[in-house]
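**Q** Sharing a structure below in structure tokens format, with a few things to ask.
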Amino acid sequence: MSEGINEESKILTLAQIQRPFLMDGNVVLFVKKWKKRYVVWKDDKLFFFEKNYGKEVPKEVFIMSSDTTMTTEIDQKEKKNVVRFKGVSGEIMILADESISFIEMAFKLFKTNLGCEKKKEEIEKLKGFQKETEENKIPPWEEIKNKINIKSKINGKELQLLFKELGKTVTEQYFYSIVKEIICQWSDDEIIEFGYQQFCEEDLEDFGSLFGGRDSSSTEIQFVLGTNEENILRLLEIYMKIYKQFKLEWSELTKCLLVAMACWELFSNTELFNVIVIYLSKQFDIYQLLTFLHLYCEFESDLNLPLWSSFPSHIELLFKSICSSWTLEQKNLLISIIDDTWEWTQQQISALKSLLIPS
């Protein structure tokens, strides 16, 4: 009866077989003669135990398959129903009375599950085929680039039409490469009109994702306007122009910049992070700037990056850069705000003071 069963199934204890079961209960099984058993029907296996006890290992195991048949007949001697299973494990007979309806229901459910699994496999196979077909249809980047360069300049409406013409799969494959090729020729006003007002429907958080991210064909983050200081400052100027032109709240701008920088993986140890913070220090007051920095400090702490309060070299450089042209009064105000709001220890505050106002 145990043919085709792996050894692990034969030594599983009753307690190790996890619910849900197709059925479980007391039956009488024919093993040379009729014997009382406790059966657990789990997936494609029937485990027969001598007792309903957690540490029991099965006395018999019967494996089911799509070819397994079940018939019911009357045992003339016992005057009871006999359920007969035939399958890859051979044949078993169960003397059933009250339990017959549960056995029939379990068998029906088993067959239904088999059908679902087969259908699922067919669907997955079809999906895989469709994906492979789509991937085979994706043209090389040079072909897309040549299509873009047919015209000296493509406007926002034409870019939308290009996305539609290329289709979802190709667009996702080369999205940032396409946008980078086209938007670099636009003015700031054109970028705002298309990027912020049309494409992102005046959602500043989405706007950040337009300017940096990964194509599905690449693991590298691409910055649409470029990654040198001049390019990043231009992007910040565009943000500020939107902030003023559309009369946004400072908190909204801060939140969207934080989200964008996190997505772009511009951490505090990068040169571009310093560029952004120094720019913001000239746009906002000390309270606003420190609110922004505190949020990013906590974000990096959640990622288990070096704590700012431990003053790694890049954080020392950051604070020195921010305060390089500040008065003593401004530096003291910064230290006081951090002392009140950042939950740093007095030792850490003293270290900050020594850094910014050396004796």
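**Q** Does Ile182 count as among the β-branched types (Val, Ile, Thr), surrounded by fewer than 16 Cβ atoms within 10 Å (Cβ to Cβ) and more than 24 Å from the chain's Cα centre (by Cα)?
**A** For Ile182, the condition - among the β-branched types (Val, Ile, Thr), surrounded by fewer than 16 Cβ atoms within 10 Å (Cβ to Cβ) and more than 24 Å from the chain's Cα centre (by Cα) - is not met.
**Q** Here are some conditions: (1) exposed (fewer than 13 other Cβ atoms within 10 Å of the Cβ); (2) within 30 Å of the chain's Cα centre (by Cα). Cys256 meets all but one. Which one does it not meet?
**A** Only one criterion is unmet by Cys256, namely (1).
**Q** If a residue has to be surrounded by 13 or more Cβ atoms within 10 Å (Cβ to Cβ) and not in a loop (DSSP other than H, G, I, E, B) to count, how many in region 299-335 make the cut? First the steps, then the outcome.
**A** We begin by selecting, within region 299-335, every residue surrounded by 13 or more Cβ atoms within 10 Å (Cβ to Cβ); these are 299-301, 305-309, 311-312, 314-319, 321-323, 326, 330-335.
Within this subset, residues satisfying the condition of being not in a loop (DSSP other than H, G, I, E, B) are 299-301, 308-309, 314-319, 321-322, 330-335.
The total comes to 19.
**Q** I need the strands (runs of 3 or more DSSP E) fully contained in region 29-118, keeping only those with at least 1 residues that are more than 22 Å from Arg19 (Cα to Cα). So that I can check it myself, show each step before the final result.
**A** Numbers: elements: 33-42, 45-49, 60-63, 69-75, 80-87, 90-96.
In region 29-118, 33-42, 69-75, 80-87, 90-96 are the strands (runs of 3 or more DSSP E) which contain 1 or more residues that are more than 22 Å from Arg19 (Cα to Cα).
**Q** Based on what the data block shows, is Leu289 hydrophobic (A, V, I, L, M, F, W, C) and either in the same structural domain as Tyr196 (by TED's automatic domain parsing) or under 30 Å from the mean Cα position of the chain (by Cα) (or both)?
**A** On the way: hydrophobic (A, V, I, L, M, F, W, C): yes; either in the same structural domain as Tyr196 (by TED's automatic domain parsing) or under 30 Å from the mean Cα position of the chain (by Cα) (or both): no.
So Leu289 does not fit the description; no.
**Q** Separate question: Of all residues in region 322-359, how many are under 14 Å from Leu290 (Cα atoms) and of a type in the set (Gly, Ala, Ser)?
**A** Summing the residues that are under 14 Å from Leu290 (Cα atoms) and of a type in the set (Gly, Ala, Ser) in region 322-359 gives 1.
**Q** Select from region 195-243 the residues that are assigned to a helix (DSSP H, G or I), under 21 Å from Glu271 (Cα atoms) and polar (S, T, N, Q) and list them in ascending order.
**A** Ser209, Asn231
**Q** Would you mind stating whether Phe62 is under 41 Å from the mean Cα position of the chain (by Cα) and within 17 Å of Trp34 (Cα to Cα)?
**A** Against the criterion (under 41 Å from the mean Cα position of the chain (by Cα) and within 17 Å of Trp34 (Cα to Cα)), Phe62 qualifies.
**Q** Right, another one. Give just the number: which of (1) part of a helix (DSSP H, G or I); (2) not assigned by TED's automatic domain parsing to the domain that holds Arg234 does Leu258 not satisfy?
**A** Just one mismatch for Leu258, condition (2).
**Q** Which of the residues belonging to region 41-79 are within 16 Å of Ile11 (Cβ to Cβ) and loosely packed, with under 13 Cβ neighbours inside 10 Å?
**A** Those that are within 16 Å of Ile11 (Cβ to Cβ) and loosely packed, with under 13 Cβ neighbours inside 10 Å: Tyr53, Gly54, Lys55.
**Q** Is it true that some residue in region 146-160 is hydrophobic (A, V, I, L, M, F, W, C), part of a loop (DSSP other than H, G, I, E, B) and within 29 Å of Ile278 (Cα to Cα)?
**A** no
**Q** Looking for something within 21 Å of Glu343 (Cβ to Cβ) and at pLDDT below 90 - is there at least one such residue anywhere in region 265-288?
**A** no
**Q** Keeping to region 244-255, report how many residues are hydrophobic (A, V, I, L, M, F, W, C) and part of a helix (DSSP H, G or I).
**A** Matching residues across region 244-255 total 2.
**Q** For Val259, state whether it is more than 29 Å from Ala351 (Cα to Cα) and aliphatic (A, V, I, L, M).
**A** On the way: more than 29 Å from Ala351 (Cα to Cα): yes; aliphatic (A, V, I, L, M): yes.
Yes: the conditions hold for Val259.
**Q** Which one of the conditions (1) part of a loop (DSSP other than H, G, I, E, B); (2) among the polar types (S, T, N, Q); (3) buried (at least 18 other Cβ atoms within 10 Å of the Cβ) does Gln173 fail to meet, given that it meets all the rest?
**A** (1)
**Q** A further question on this structure: Quick one: would you say Gly195 is among the small types (Gly, Ala, Ser) and within 13 Å of Ile238 (Cα to Cα)?
**A** For Gly195, the condition - among the small types (Gly, Ala, Ser) and within 13 Å of Ile238 (Cα to Cα) - is met.
The values are calculated or read from the model by the stated rules, or taken from the named source; none is laboratory data. Predicted, not measured: the structure shown is a model, and the values here were computed from it. All Cβ positions, glycine included, derive from the backbone under ideal geometry; neighbour counts span all protein chains shown.
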